[in-house]
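As structure tokens, the structure follows; a few thoughts come after it.
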Amino acid sequence: MIKIEAIVRPNKFDSVKTALIGLGVEGMTVSEVRGHGRQKGHTEVYKGREYSVDLLPKIKIELVLDDEQVEAVIEAITTAAYTGNIGDGKIFVYDMKDVIRIRSRERGKAAI
């Protein structure tokens, strides 16, 4: 089992979600987050004053998958989230030791 965390632009979330549902991904956790990578934010002007926006809004998508789905999901996310500009996001891939469904106490693949 693998856990994938994807950080994407908010305006790309719907296309990423549609691509994942098209692959048969059954569950995901989505959070609104703020952060920055190499772009370190940007400056904006409001009422004539310039200020720095260093934590940009992003969407974090968390998925736990069977090993066989991982490459297809990574490809779907990278294709749907791509703009070619700085700030497109990142995908983190983790090995999962175990998953437990609280309601039924199922473990492993059955709990995904």
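Close amide H pairs (under 5 Å, H built 1.01 Å from N) link G37 with no residue at least 5 positions away or on another chain.
Within segment 7-112, the GluC sites (Glu not before Pro) that combine a DSSP coil assignment with at most 15 other C-beta atoms in a 10 angstrom radius are E26, E106.
For the residues T78, T29, T18, a GNM of the chain with alpha-carbon springs under 10 Å puts the largest fluctuation on T29. Computed over the chain, the range of Cα coordinates on each principal axis works out to 58, 27, 21 Å, biggest value leading. Only Cα pairs under 8 Å and 6+ residues apart enter the sum, and on that basis the relative contact order of the chain stands at 42 percent. Return one number: the angle in degrees, 0 to 90 and rounded to the nearest 10, between the long axis of the Cα atoms of helix 70-81 and the longest principal axis of the Cα atoms of the chain. Between helix and principal axis, roughly 20 degrees. When the helix-only estimate is applied to the chain (DSSP H runs of n ≥ 4, each -39,500 (n - 2.57), divided by the residue count), what is the mean residue ellipticity at 222 nm, nearest 500 deg cm²/dmol? Rounded to the nearest 500, the figure is -6000 deg cm²/dmol. Taking the chain as the region of interest, the number of lysine pairs whose Cα atoms are within less than 17 Å, with members eight or more places apart or on different chains, is 16. With the chain treated as a Gaussian network of Cα nodes joined by springs under 10 Å, which of I77, I21, I59 yields the largest mean-square fluctuation? Looking only at I77, I21, I59, the biggest GNM fluctuation is shown by I21.
We did not get these values from a lab; they are worked out from the coordinates using the rules stated. If you're wondering where the values come from, they're calculated on a predicted model, not measured in any experiment. Heads up, the Cβs are rebuilt from the backbone with ideal geometry, glycines too, and the neighbour counts pull from every protein chain shown.
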